[in-house]
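Quick notes on the structure that follows.
The values are calculated or read from the model by the stated rules, or taken from the named source; none is laboratory data. Source: prediction; values computed, not measured. Cβ placement follows ideal geometry from the backbone for every residue including glycine, while neighbour counts extend to all protein chains displayed. Side chains included, ligands, DNA and RNA excluded: accessible areas come from the protein's heavy atoms. Shrake-Rupley method; radii C 1.70, N 1.55, O 1.52, S 1.80 Å.
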Amino acid sequence: MSLTAPGRHDLDLHTGDHVCAFYNGSDLLNNIVADFATKALRAKDKCICFVDEPSAVAERIPAELVLDENSLQFVPEEEGYLSGGHFSKEAFISNLEATVQGVLSRGYDRLWLVGDTTVVVRSSVDPKAWFAAEAEVSTLAPRYPQFIMCLYNLDLYDGELVMYVLQTHTKVFVNGLIINNPYYLPKDQFLSRL
Amino acid sequence: MISAAGPSSAMEDAELAARRGLATANSVFGLALIVMQARSPGQAMRLVTTAVPAIVPGQIGIVWHPSRSGDYFERAPEGVGEALAMLAEPTKLVVEGFAHAWAFPVTSPLRGEAVALVVAGAQPLSEEESFLLSVLAQLCGTVIAKLELVGSELAHARRVEALNGELESTVLMLRRTMEIHHKLTEIVPSGEEGIARTLHELTGAPIIISDGTGYVRARAGGVRGHGQPPGWPGGRPDLIGRLRAQHGPVYHDESWMVLASPRPEVVGVIALVDPTRTAGDLDRAALEHAATVLNVELARQYSVAQAELRVDAARERDVAQERAAVLAASEARQRAILEAALDAVVSMDSRGQVTYVNSAFEEIFKYRAEEVLGRELAEVIVPPFLRAAHRAGLARYLAGGPARVLDRRVEITAMRSDGSQFPAEVTVTEVAGTAAALAGSRTFTGYIRDITERRRAQQDLMESRARLVSASDAARRRVTRDLHDGAQQRLVTTLINLQLAEQRWDSAPERARELLEQAISDAKRGIEDLREIVAGIHPAALTEHGLSAALDALASRLPVPVRIEVPSARLPPSVEVSVYFFCSEALTNVVKHARAGSAWVKVDLRAGDWVVEVGDDGVGGAEARSEAGGLTGLRDRVGAVGGKMEISSPARGGTVLRATIPSSGKAAPRGAVTRE
């Protein structure tokens, strides 16, 4: 599955996008992450992947694109989200901002950050804290030259949380397309509903 | 859970409620967008029911079926199912435990079942909430229908894909099978070697073709030689049995094996060596096809072998008939020979019963054949005191004991029909290879010779030799006595007279002359005595002048006139001596006992033997007894040189002694002289 429909480049990503994507099964997960990383590497940007099975993703990425070992970085979900062993919105946002600043300071033009979120369910992270952070990311993302994509497993998240996902991401990946999310709520509006 | 924030005024509340309702509606449509991505009805319904509390706070969502539970729905409680079964649009329900409950139909048009999304809680639903839930329920129905369609299409596509795969595989298999068929059919004329080689080319695996006993008849691909392959132990019948029962390849001893058996007794086994068990369906198909080809090949070989056997059988029948004719002729000749034999021939079986006797047997044992056939041989010809030993010996031999009398000459005592016994020489042989032996019986044949006469001759010879020794001793004693009493005394007297004459030669010449004359006379008498003695031992005339002159000299000293008729030629020395002494003793007897007026001697060569006759015209009546008239001594002397003597001596008819002496170095007579 491609992140961009053939001949529909107008729907491609734009810097500052915070995209949510829903998937069924690890095969689709790995394909989405690999396509995202491939696009980043082709643009010679920095790509960081919060995934627990990096090899399944790496084998889907053309090896010739990985020119610099630092350009593609795999980080376990727990390390990416649960700094200190537990989730903290403030720490997460702070780390995220530090990361993008660090990438830019090392000469990259943009950061492509993609992450699976199974650890949220697996580690019983407070949904309100998590989605508060997601809402904050939507305000953080446009401030830096970066693309952020969050992946949600439909087997793990129930309907209520799916609605929260839709309300906290500015764009949604659906049916192979990245489109503007009509169900997005600005951070303050969303937080007022929690 | 979305919680409400309380507004301060009614207008603000209305605006806030409107915004909240708009946001909720927005979220429901967003959820609907995601629900449409659900991969299963269960996932879709779970997303919806878990979203219900967010859509309508305080409410729960359930999926019910009127009559049963399923993978994404539960069976509705009693009393509710009937209402759900008739459900066509959102309907209010009465559910125990809940103040309010609504049912929204989510039935898939494909299933035709009345599954419903039931939302229940303490508060009633607003119209907008009911609308949103109704939309979600209908969306779920559509998603379920889509998933079922997609699932059906996917399943169909998979089936088509599988069928295409099978079809492609089948086509490949058919092509390969045709190739196998063509190749294996082409090599039929090249026999088992060709089958093994072709099957190896088709499969790449080593191939071994063996028969029912495991003997390898052909190999190909890394295996060499013929015979029993190592590692193929017994249990072959079990393997053949398994192959017969299987009707297809059997994996055994690191090989796939199939059976080719056009007839129960004709068995071939093809082994495709596959220790890693990687042979595929095509390999096994080729193996089975090869078994079919081998089946045809074995049937062909069997037919050829049967035809050859029939030809061989006919040929063997002809040969057997020819052999039977030859055997019958041989047996007839053998029977004729046996019948003509001088020895008695008798056959007996392993029970000791007589099965055959020849004519000589009848003559010797005084039986007729029909009197002895079928009787125990021991009772017929074996004396009672030997029967137990005879029976024991036969039993011991038949039990595998050593043969003590077979195939050698033994002397036994036999018994005639009248009970009289006689010495016999017997040779017994076991006749091998006869029809009787093949039938499990054994036959023994005895060749029996009556040796009564031989025993008697042997006895006579022994007695004769004893008499010769005795006569020789007597002659030696006589010579000794004659020398002592005659010649020796003359010589001693001669010596004394010569010594006396020497002593008195000067003093008494006359006496010396008388003594000398006496010595000369004694010496002459001594010489005469010596001549007489020597003549008794070996006459000088015989040595110097031959038989005729010696007999003349002998006759000249006898008081009876003797007419001599002998060959003038010299005879062999041994014959001359024998004839001379025979004649000397015979003529001495004439002088002593015959009171004859004349005698005659005749020597003649007849049929290779010297015949010597000494006759007289005396009183006759002489008897051939060793103690009577010296005739026995004559017989012994003649017997000593292999001859025989006859006597004819009727009372008052004179006596004629006739000696027949075998000629050795005989001389042809050049004439005969007769002297009175």
Original post:
What value, in deg cm²/dmol to 500, does the helix sum -39500 (n - 2.57) over DSSP H runs of n ≥ 4 give at 222 nm once divided by the residues of chain B?
Top reply: -17000 deg cm²/dmol
Original post:
How big, on average over all directions, is the shadow cast by the Cα convex hull of the protein assembly as shown, in nm²?
Top reply: 97.0 nm²
Original post:
Can you give the angle from 0 to 90° between the axis of helix B:509-537 and the longest principal axis of chain B, with both taken from C-alpha atoms, to the nearest 10?
Top reply: 40 degrees
Original post:
Any idea of A:Lys39's accessible area? Nearest 10 Å², probe 1.4 Å.
Top reply: 60 Å²
**OP:** Take each uninterrupted DSSP H stretch in chain A, measure its Cα extent along the helix axis, and return the ones at 15 Å or beyond whose mean Kyte-Doolittle hydropathy is at least -0.5.
**Re:** A:26-42, A:89-105, A:127-140
Original post:
Taking the Cα-to-Cβ direction at B:Arg456 and at B:Ser69 and moving 7 Å from each Cα, how far apart do the two end points lie in nm?
Top reply: 13.2 nm
**OP:** Quick one: dipole size for segment B:339-390, taken about the Cα centre, charges +1 on Lys/Arg Cβ and -1 on Asp/Glu Cβ, in debye to the nearest 20.
**Re:** 200 debye
**OP:** Compute the separation of the alpha-carbon centres of segment B:550-585 and segment A:166-190 and state it in Å as a whole number.
**Re:** 173 Å
Original post:
Shielding of A:178-190 by partners, i.e. mean partner chain Cβ atoms within 10 Å per residue?
Top reply: 2
**OP:** Over the Cα atoms of segment B:69-178, compute the convex hull volume and normalise it per residue, giving Å³.
**Re:** 111 Å³
Original post:
What whole number of Å gives the distance from the Cα centroid of segment A:44-114 to the Cα centroid of segment B:83-146?
Top reply: 45 Å
Original post:
Of B:Gly212, B:Leu149, B:Ile412, whose Cα points farthest to the positive end of the dipole of chain B (charges on the beta-carbon: +1 Lys, Arg; -1 Asp, Glu; origin at the Cα centre)?
Top reply: B:Ile412
Original post:
R0 = 60 Å: FRET efficiency of B:Leu558 with B:Arg404, Cβ-based, nearest 0.05?
Top reply: 0.45
Original post:
Just for the protein assembly as shown, what percent of DSSP beta bridges are antiparallel, to the closest 5?
Top reply: 75 percent
Original post:
Per residue, how many Å² of accessible area does chain B show with a 1.4 Å probe?
Top reply: 55 Å²
Subject >> Two-site label geometry, B:Ala474 and B:Thr429: point separation in nm, points 7 Å out along Cα→Cβ >> reply: 5.0 nm
Original post:
Applying the Karplus parametrisation 6.51 cos²θ - 1.76 cosθ + 1.60 with θ = phi - 60° to the phi angles of segment B:304-321, what ³J(HN,Hα) value in whole Hz is obtained for each residue in order, glycine and proline being reported as x?
Top reply: 4, 5, 5, 4, 5, 5, 5, 5, 4, 5, 5, 5, 5, 5, 4, 4, 5, 5
Original post:
Given the C-alpha centroids of segment B:33-71 and segment B:314-336, what is the distance between them in whole angstrom?
Top reply: 109 Å
Original post:
Using protein heavy atoms only (no ligands, DNA or RNA), what is the total accessible area buried between B and A, 1.4 Å probe, nearest 100 Å²?
Top reply: 2200 Å²
Original post:
Quick one: putting +1 on the C-beta of Lys and Arg, -1 on the C-beta of Asp and Glu, what dipole do you get for segment B:512-660 around its Cα centre, in Debye to the nearest 20?
Top reply: 280 debye
Original post:
So if R0 is 30 Å, what FRET efficiency would A:Asp126 and A:Asp155 give, r being the distance between their Cβ atoms, rounded to the nearest 0.05?
Top reply: 0.90
Original post:
Relative contact order (percent) for segment B:256-374, with alpha-carbon contacts under 8 angstrom and 6 or more residues of separation?
Top reply: 15 percent
Original post:
Per residue of A:13-22, how many C-beta atoms from partner chains lie within 10 Å of its own C-beta, taken as a mean?
Top reply: 1
Original post:
Roughly how tilted is helix B:41-55, in degrees to the nearest 10 and between 0 and 90, from the longest Cα axis of chain B?
Top reply: 30 degrees
**OP:** Would you please give the residues with an amide H less than 5 Å from that of A:Cys20, counting only those at least 5 places away or on a separate chain, with H modeled from the backbone geometry?
**Re:** A:Cys150, A:Lys171, A:Val172, A:Phe173
Subject >> Angle between chain B longest axis and helix B:573-589 axis [Cα atoms, degrees, rounded to 10] >> reply: 50 degrees
Original post:
What shape does segment A:87-126 have by the C-alpha gyration tensor, where a ≥ b ≥ c are the square roots of the eigenvalues, rounded means a/c under 1.5, and otherwise prolate means a/b greater than b/c and oblate the rest?
Top reply: oblate
Original post:
Where does each of A:Arg110, A:Arg193, B:Arg277 land when they are ordered by accessible area, with a 1.4 Å probe and the largest first?
Top reply: B:Arg277, A:Arg110, A:Arg193
Subject >> Amide H contacts of A:Ile178 (H built 1.01 Å from N, under 5 Å, at least 5 apart or other chain) >> reply: A:Ala5
Original post:
Taking the mean number of other Cβ atoms within 10 Å as a proxy for protection, how do you rank B:130-138, B:261-269, B:399-407 from highest to lowest?
Top reply: B:130-138, B:261-269, B:399-407
**OP:** Per residue of B:24-35, count partner chain C-beta atoms within 10 Å of its C-beta, then hand back the mean as an integer.
**Re:** 6
**OP:** Divide by every residue of chain A the summed helix terms, -39500 (n - 2.57) for each DSSP H run of at least 4, and state the resulting mean residue ellipticity at 222 nm, rounded to the nearest 500 deg cm²/dmol.
**Re:** -12000 deg cm²/dmol
**OP:** For an R0 of 30 angstrom, estimate the FRET efficiency from the Cβ-Cβ distance between B:Thr445 and B:Ala607 and round to the nearest 0.05.
**Re:** 0.20
**OP:** Subtracting the Cα-Cα distance from 0.36 nm times the residue separation, let me have the gained length for B:Lys92 to B:Thr276 in nm, one decimal.
**Re:** 59.3 nm
Original post:
Taking amide H positions as placed 1.01 Å from N in the peptide plane, with prolines and chain starts having none, which residues 5 or more places from B:Val345, or on another chain, fall under 5 Å of its amide H?
Top reply: B:Asn358, B:Ala360, B:Phe361, B:Ile448
Subject >> Relative contact order of chain B, pairs being alpha-carbon contacts under 8 Å that are 6 or more residues apart, as % >> reply: 5 percent
Original post:
How many nm is it between the label spots at B:Glu148 and B:Glu532, if each spot is 7 Å from the Cα in line with the beta carbon?
Top reply: 17.1 nm
Subject >> Total charge dipole magnitude, segment B:206-362, about the Cα centre, Cβ charges on Lys, Arg, Asp, Glu only, Debye to nearest 20 >> reply: 340 debye
